[in-house]
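The values are calculated or read from the model by the stated rules, or taken from the named source; none is laboratory data. If you're wondering where the values come from, they're calculated on a predicted model, not measured in any experiment. So basically every Cβ, Gly included, is an ideal-geometry build from the backbone, and we count neighbours across all protein chains shown. These area figures cover heavy atoms from the full protein model, side chains too; ligands, DNA and RNA do not enter into them. Shrake-Rupley method; radii C 1.70, N 1.55, O 1.52, S 1.80 Å.
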Amino acid sequence: MDNSQTDLLEILDHIDPSNLNYQDWVNVGMALKHEGYAASVWDSWSRNDSRYHSGECFKKWESFHGAGSPVTAGTVVQMAKNQGWVPERDQGHELDWNDSIDKELVVVDKNWVEGQEVKQPSSWNPVEQLIKYLEILFESTENVGYVTGSWEKDGKYLPNKGNWDRTAGELIQQLNACDNDIGSILGDYKEEAGAWIRFNPLDGKGCKNDNVTDFRYALVESDTMEIEKQNAILRELELPIACLVHSGGKSLHAIVRIDAVDYNEYRKRVDYLYNVCQKNGLKIDSQNRNPSRLSRMPGIIRNGQKQFLVDVNIGKESWAEWNEWIESIHDDLPDPESLEDYFNNLPELSPPLINNLLRQGHKMLIAGPSKAGKSFALIELCCAIAEGRKWLNWDCEKGKVMYVNLELDRASCLHRFKDVYQALGWAPNNLSNIDIWNLRGKSVPMDKLAPKLIRRAAKKNYMAIIIDPIYKIITGDENSADQMAHFCNQFDKVCTELGSAVIYCHHHSKGSQGGKRSMDRASGSGVFARDPDALMDLIELDLNDDILRQEENKAICEVCTQYLNHNYDDWEDDISQDTMCSYIAMLDYCRKKLSKAQFIELNTLVEQRSVSAKNKTAWRIEGTLREFPKFAPVNLWFDYPMHHLDKVGSLKDIQTGDNKPSWQKNFTKKKTPEDRKKERKLALETAYEACGIDGNVTIQALAEFMGITEKTVRSRIKEHGGYWIDESTVGKK
């Protein structure tokens, strides 16, 4: 036989015929005949199914005469894959969105399983075996179903319906007094057949699924490999096995704790259990799924072999513990690495995105109070990355960037980008490098936004994803370290999946910020400041009248200079440097130099620039960096709609609140009851709007968002007066 046939026979070993319907079973036979196999191969494989009838395969084989579209070996291969088989020499392929990763939930390498011996009891005490089984699986008041009667069909012994009229307590009491004669209590059984027992309690009225009173256990049985290997795999899987019973034949019966609340949950858990077993080399008899299924009764002789308890209470203690363990086996976390392996051959660091500030694929937070122009700073950064220009005091790498707009309407956002470009004085040569995702009114919590963002950005090769602002997508209480750690983890997912930097902004907490460290100013949990690789914190500087007059003087002089440059070539020869630095002298010169119409036009520009200069605000950026040395504080002006550096040093001597004398610092005003009431009202309104993202607003959702009890939520709604409650649903009046 050639190698391809040998391989097909090996593949057939991975298909459980009991899991196939009639047509699939026929297709296997047709494929085998098409590939040149004998009918005996199909017959031998089909014997693994309890539906097998002697001679049926050979009779059916003769009816296969080929077809225009024959069933081939590919059908057999696909069936094996559907039952969890993975080709050992699979060269792999690029995963599609709908592909599954077959290595999930695989604990056992069946190619390296070493059998574990199953030891028979050193002394045979049938009653002791059965009593121990009953005590472990049942409460004393629960009815037990069991079968000792059987009938023969095609050489196999099949169980009768049996009995279900006695409780575990009654059976144990009677067995203790039976002088080791189980038959006198349960009824005599045929040694050729053995006896059976149901592992879930019944209601005493029947033995069907509807009669099961507690969906406590499931049966795992596989008889296609040696008993010793079954034993090894069951133990290595750490299944929560209450009782492990030798069937007296070629299989072990594992009574596994399921602890389902109802039949629906039982089915889901058994399907999951069987899937794990299949993937780990146990070819499960799928006919054992039912909660009313019979298993082999310990303490019985079957064909000269003992049905006995191999072990009890092995593996994990409960379904919940086992489920958590099996899910964590393949958690996608990397294995620990030895530093010795890499010390002399270190991996390359991610290249900088913003020189001396942020690397590609890392995270940056811009924090500041209201009116600091944080959104404008982020737009300026978008433009700098797109054009490969300098952002404030730092050079940027050129590349594509996505700006996630959560706050502005679409038109305002687009206009703002153009305004910033014009204020910067840059030619928009690389607008194709900027994509804007407008989500105002459509934003969702970050844990739901992250996968949507990743899907849209997957093939765009963005160097940065800029999210503005994050308060729109925060889930949970921003003062909770645990909840905010989960929130910030979503940024890590975006960085990891896309290889892009994630840059976002957040607001300061209330009150004076001058006396705080930069990393303690952001509102909410300290996670915000400690999570990003770079924190850029903006704090406002208090401007005195002298500086404001100085800025106004400088602005007017610049307007005059620009206007004269536009209209004359040699005007600078007429005046001194001192005159050019005094707006009074410059205006006096312009009045003489310009025509009346020109001077009126200039005066309009001067008034506009004067107002702008008076409205300018001054800021200091302090940074906390993980990858680069700390930089000296950077002073800048925010002159709507852009920030620019204080190049002449006007702001360098201005102190922030932490360096002022104590009598100059702002003291926090004690809150009045009215202030607290306003805060509670605002908190409720914010929570209502946030919870409304997912549809109906409930008391439970508001309580979870605000981090308070449902009783407190009801009290605050009553105090507010603007909302109604219908049972657990909340609406706005």
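Summary of computed values
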| quantity | calculated |
| --- | --- |
| Any chance Val220 is closer than 22 Å to Ser18 by Cβ, out of contact with any Ser or Thr (no Cβ under 8 Å at 6 or more places or on another chain) and either open to solvent by 10 Å² or more (accessible area, probe 1.4 Å) or among the aliphatic types (A, V, I, L, M) (or both) | yes |
| Ile454 vs. criteria aliphatic (A, V, I, L, M), surrounded by fewer than 19 Cβ atoms within 10 Å (Cβ to Cβ) and within 24 Å of the chain's Cα centre (by Cα) | yes |
| Pair list, Cβ under 7 Å, 6 or more apart: region 543-557 residue more than 11 Å from Cys581 (Cα to Cα), other residue not in a helix (DSSP H, G or I) | Leu543/Ala618; Ile547/Ser650; Glu551/Lys616 |
| Residue in region 388-395 that is open to solvent by less than 10 Å² (accessible area, probe 1.4 Å) and more than 33 Å from the chain's Cα centre (by Cα) present | yes |
| Some residue of region 332-351 being among the acidic types (Asp, Glu), open to solvent by 50 Å² or more (accessible area, probe 1.4 Å) and outside any loop (DSSP other than H, G, I, E, B) | yes |
| Tabulated pairs, region 210-230, first under 23 Å from Ala168 (Cα atoms), second of a type in the set (Gly, Ala, Ser) and modelled with pLDDT of 90 or more, C-beta under 7 angstrom, 6+ apart or interchain | Asn211/Ser292; Val212/Ser292; Phe215/Ala260; Tyr217/Ala242; Leu219/Ser295; Val220/Ala254 |
| Strands (runs of 3 or more DSSP E) wholly inside region 138-189 that include at least 3 residues being open to solvent by less than 30 Å² (accessible area, probe 1.4 Å) and either within 18 Å of Pro126 (Cα to Cα) or in contact (Cβ under 8 Å) with a residue 24 or more places away in the chain (or both) | 143-147 |
| Matching residues, region 28-48, being surrounded by fewer than 18 Cβ atoms within 10 Å (Cβ to Cβ) and of a type in the set (S, T, N, Q) | Ser40, Ser44, Asn48 |
| Residue that is most open to solvent (accessible area, probe 1.4 Å), among those in region 236-263 that are among the small types (Gly, Ala, Ser) and more than 21 Å from Lys279 (Cα to Cα) | Gly249 |
| Residue among Asp578, Asp574, Asp588 that is open to solvent by 30 Å² or more (accessible area, probe 1.4 Å), of a type in the set (Asp, Glu) and more than 22 Å from Arg549 (Cα to Cα) | Asp574 |
| Selected residue (criterion: most open to solvent (accessible area, probe 1.4 Å)) from residues of region 602-639 that are outside any strand (DSSP E or B) and more than 24 Å from Cys560 (Cβ to Cβ) | Lys630 |
| Scan of region 565-592 for residues that are assigned to a helix (DSSP H, G or I), of a type in the set (A, V, I, L, M, F, W, C) and more than 14 Å from Asn603 (Cβ to Cβ), ordered by number | Trp571, Met580, Ala585 |
| Tally of residues being closer than 20 Å to Phe628 by Cβ, of a type in the set (A, V, I, L, M, F, W, C) and not in a strand (DSSP E or B) across region 382-399 | 3 |
| Check on Arg166, within 26 Å of Ser318 (Cβ to Cβ) and among the basic types (Lys, Arg) | no |
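Let's see how each residue does on (1) surrounded by 14 or more Cβ atoms within 10 Å (Cβ to Cβ); (2) hydroxyl-bearing (Ser, Thr, Tyr); (3) modelled with pLDDT under 85:
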| residue | (1), (2), (3) |
| --- | --- |
| Pro641 | yes, no, no |
| His644 | yes, no, no |
| Leu682 | no, no, yes |
| Ala701 | yes, no, yes |
| Ile708 | yes, no, yes |
| Arg714 | yes, no, no |
